[in-house]
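Student: Structure in structure tokens, see below.
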Amino acid sequence: MGWQFDIRTALFLGAFLTLLIGLLLFAVRRQFAAALEPSLRWWIVATLVHPAGFLLIGLRAFVSDWWSTVLSNTLIGVSFAAFAISLRLFNGSPQRRMRLYALVAATAAISVWYSIIDPNEALRIGATSMLFALLLGSSARSIYRRGQERTVTGHITGGMFLVGTAVMAWRGLFYLFFPETVSYEAFSANPLQMAAYTAGGLLPVVSTIGFLLMCTEFNQRELARAASLDYLTGICNRRAIEDLASRSIAAARRHGIPMAMMIVDVDHFKRINDEFGHQAGDVALVETVKRIRESLRSEDLVGRLGGEEFVAIMPSTDAASALAAAERMRQSFADSPMHIGDRELLITVSIGVAVLDAQDQMYSHLLRRADRAMYAAKTAGRNKVMLDGSPLTAGGLNSLG
């Protein structure tokens, strides 16, 4: 007698493929960003539990209903809940795990009641199918919720869960409202059973492939982000701020709006490193960035040029507004010592300001003028603000003479 491919065989094959891809995901989990670890852990749980449920369904007629119905349905419900939790962790969606746990508990209770206590196959299949639809719908919703960024790989994963939701809801409605029209043979090749088992077998495999691609995209975004940020302060590095500043300059010229740049240099920073160590210097740089940001608007861009030198790009800002912001920043340093370890250090900054004009054809031209103004502030005695050769101190705007 030749080998025959039937639903029971499909269940075993689906369980094997899901288990295989779950083990593969477990093996490569450390290749992804640490931020993905909680999400990956729940997804691995789902791909290991789901095949156990399918295996028990395939053993129906060989084991008791406690195993082939109650435990199998519960395990499948657990796997669907784990998928939903994983996607919510991945996307930063509200967890609401108690709802998912309640749906799994309801699946177990209905399976016990309608297969052991008061057997009713139509109500059992119909009700559990609707519960499965709700669990799968939770996964789809975590991908397609409002405001969530969607990619092609996200659509692959979310689309698979939408298909699973539709199939389970369709199956549940038929068993609940048209019980006389459906077959109760577990492995009969009718459209309802074929659709349910096909969706159930393919869903974890296809969605896991989609999830792996989503994780890979996340890794790539994190690498790109890390390449554009300063490792110590978390702000834009020199290359990234140059790119953003060039775009701001182009936008300012296109729309005919003002734009300003300031360069901030920490006074006597080498002395901090020499006297208190490089760790204290790092703390001072992080605190410097914090104060710079607090002195600027949310739309202003901040980057580190290198060492103790920082640059701020201020769109829609004229000379007067730029000088006011620079003076506010200077005072935030001069009036409040920094707490570095168990010490208090009074650290000041020298700031050079330049406003975009016709001679600034590119970022480097504006940067050169702001840098020249900053060095003029240092030459004038430090702890000063300079705009094109004129210092602004606590006493007001004066000529250097």
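For every residue, the table says whether it meets (1) closer than 15 Å to Met261 by Cβ; (2) free of Cβ contacts under 8 Å to residues at least 60 places away in the same chain.
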{"position": "Ser332", "(1), (2)": "no, yes"}
{"position": "Asp335", "(1), (2)": "no, yes"}
{"position": "Gly341", "(1), (2)": "no, no"}
{"position": "Leu346", "(1), (2)": "no, yes"}
{"position": "Gly352", "(1), (2)": "yes, no"}
{"position": "Met362", "(1), (2)": "yes, no"}
{"position": "His365", "(1), (2)": "yes, yes"}
{"position": "Ala373", "(1), (2)": "yes, no"}
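Student: Condition first: outside any helix (DSSP H, G or I) and either among the small types (Gly, Ala, Ser) or without any contact (Cβ under 8 Å) to a residue 12 or more places away in the chain (or both). Now tell me which residues in segment 116-158 satisfy that.
Tutor: Correct list: Asp118, Pro119, Asn120, Arg146, Gly147, Glu149, Arg150.
Student: Given the structure, is Ala82 small (Gly, Ala, Ser) and under 31 Å from the mean Cα position of the chain (by Cα)? Reasoning before the result, please.
Tutor: Details: small (Gly, Ala, Ser): yes; under 31 Å from the mean Cα position of the chain (by Cα): yes.
Answer is yes for this residue.
Student: Looking at segment 219-237 only, could you name the residues that are closer than 23 Å to Glu37 by Cα and either crowded, with 16+ Cβ neighbours inside 10 Å or in contact (Cβ under 8 Å) with a residue 24 or more places away in the chain (or both)?
Tutor: If the condition is that a residue be closer than 23 Å to Glu37 by Cα and either crowded, with 16+ Cβ neighbours inside 10 Å or in contact (Cβ under 8 Å) with a residue 24 or more places away in the chain (or both), then Asn219, Glu222, Leu229, Gly234 are the ones that fit.
Student: While we're looking at this one, here's another question. Taking the options Leu173, Leu203, name whichever one is assigned to a helix (DSSP H, G or I), within 24 Å of Ile7 (Cβ to Cβ), modelled with pLDDT under 90 and over 20 Å from the mean Cα position of the chain (by Cα). Please lay out each step first, then the result.
Tutor: Values: Leu173 fails: modelled with pLDDT under 90.
When all the criteria are applied, what remains is Leu203.
Student: Collect the residues in segment 187-200 that are free of Cβ contacts under 8 Å to residues at least 12 places away in the same chain and either assigned to a helix (DSSP H, G or I) or touching a strand residue (DSSP E or B) at 6+ places or on another chain (Cβ under 9 Å) (or both), keeping them in residue-number order.
Tutor: Correct list: Pro191 only.
Student: OK, next. Consider Ile257 against the criteria (1) part of a helix (DSSP H, G or I); (2) within 24 Å of Ser364 (Cβ to Cβ); (3) open to solvent by 20 Å² or more (accessible area, probe 1.4 Å); (4) not basic (Lys, Arg): it satisfies all of them except one. Which criterion is unmet?
Tutor: Unmet condition: (1).
Student: Output the number of the condition that Ser142 fails; it satisfies all remaining conditions of (1) polar (S, T, N, Q); (2) modelled with pLDDT of 85 or more; (3) out of contact with any Phe, Trp or Tyr (no Cβ under 9 Å at 6 or more places or on another chain).
Tutor: For Ser142, the failing item is (3).
Student: Same structure again: Within segment 114-146, work out how many residues are basic (Lys, Arg) and over 21 Å from Phe83 (Cβ atoms).
Tutor: The number of residues fulfilling the criteria is 1.
Student: Looking at Phe132, Phe80, which is the one that is under 27 Å from Phe32 (Cα atoms) and at pLDDT 90 or above?
Tutor: Numbers: Phe132 fails: under 27 Å from Phe32 (Cα atoms).
On inspection, the qualifying residue turns out to be Phe80.
Student: Out of all the residues in segment 338-364, which are open to solvent by 50 Å² or more (accessible area, probe 1.4 Å) and either at pLDDT 90 or above or of a type in the set (Asp, Glu) (or both)?
Tutor: Residues satisfying the conditions are Asp342, Glu344, Leu346, Asp357.
Student: Could you tell me which numbered condition Phe310 fails, if it satisfies all but one of (1) out of contact with any helix residue (DSSP H, G or I) (no Cβ under 7 Å at 6 or more places or on another chain); (2) aromatic (Phe, Trp, Tyr); (3) crowded, with 17+ Cβ neighbours inside 10 Å?
Tutor: (1)
Student: Return yes or no: is Ala240 touching a strand residue (DSSP E or B) at 6+ places or on another chain (Cβ under 7 Å) and either charged (D, E, K, R) or surrounded by 15 or more Cβ atoms within 10 Å (Cβ to Cβ) (or both)? Before the answer, list the steps.
Tutor: Details: touching a strand residue (DSSP E or B) at 6+ places or on another chain (Cβ under 7 Å): yes; either charged (D, E, K, R) or surrounded by 15 or more Cβ atoms within 10 Å (Cβ to Cβ) (or both): yes.
Criteria met by Ala240.
Student: Need pairs with beta-carbon distance below 6 Å; first residue farther than 20 Å from Ser138 by Cβ and within segment 62-83, second of a type in the set (Lys, Arg) and surrounded by fewer than 24 Cβ atoms within 10 Å (Cβ to Cβ); sequence gap 6+ or separate chains.
Tutor: Ser68/Arg60
Student: So which residues in segment 193-217 are within 17 Å of His155 (Cβ to Cβ), open to solvent by 40 Å² or more (accessible area, probe 1.4 Å) and not acidic (Asp, Glu), if there are any at all?
Tutor: Leu202, Val206, Ile209, Leu213, Thr216
Student: Could I ask something else about it? Which residue pairs have Cβ atoms closer than 8 Å, lie 6 or more positions apart in sequence or on different chains, and pair a first residue in segment 93-109 that is farther than 11 Å from Ala81 by Cα with a second residue that is at pLDDT below 95 and outside any helix (DSSP H, G or I)?
Tutor: Ser93/Arg145; Ser93/Gln148
The values are calculated or read from the model by the stated rules, or taken from the named source; none is laboratory data. Small disclaimer: the values here were computed from a predicted structure and weren't measured. Methodologically, a virtual Cβ is constructed for each residue, glycine included, from the backbone with ideal geometry; neighbour enumeration extends over all protein chains shown. In case anyone asks, the SASA skips ligands and DNA or RNA and just uses the protein heavy atoms, side chains included. Shrake-Rupley method; radii C 1.70, N 1.55, O 1.52, S 1.80 Å.
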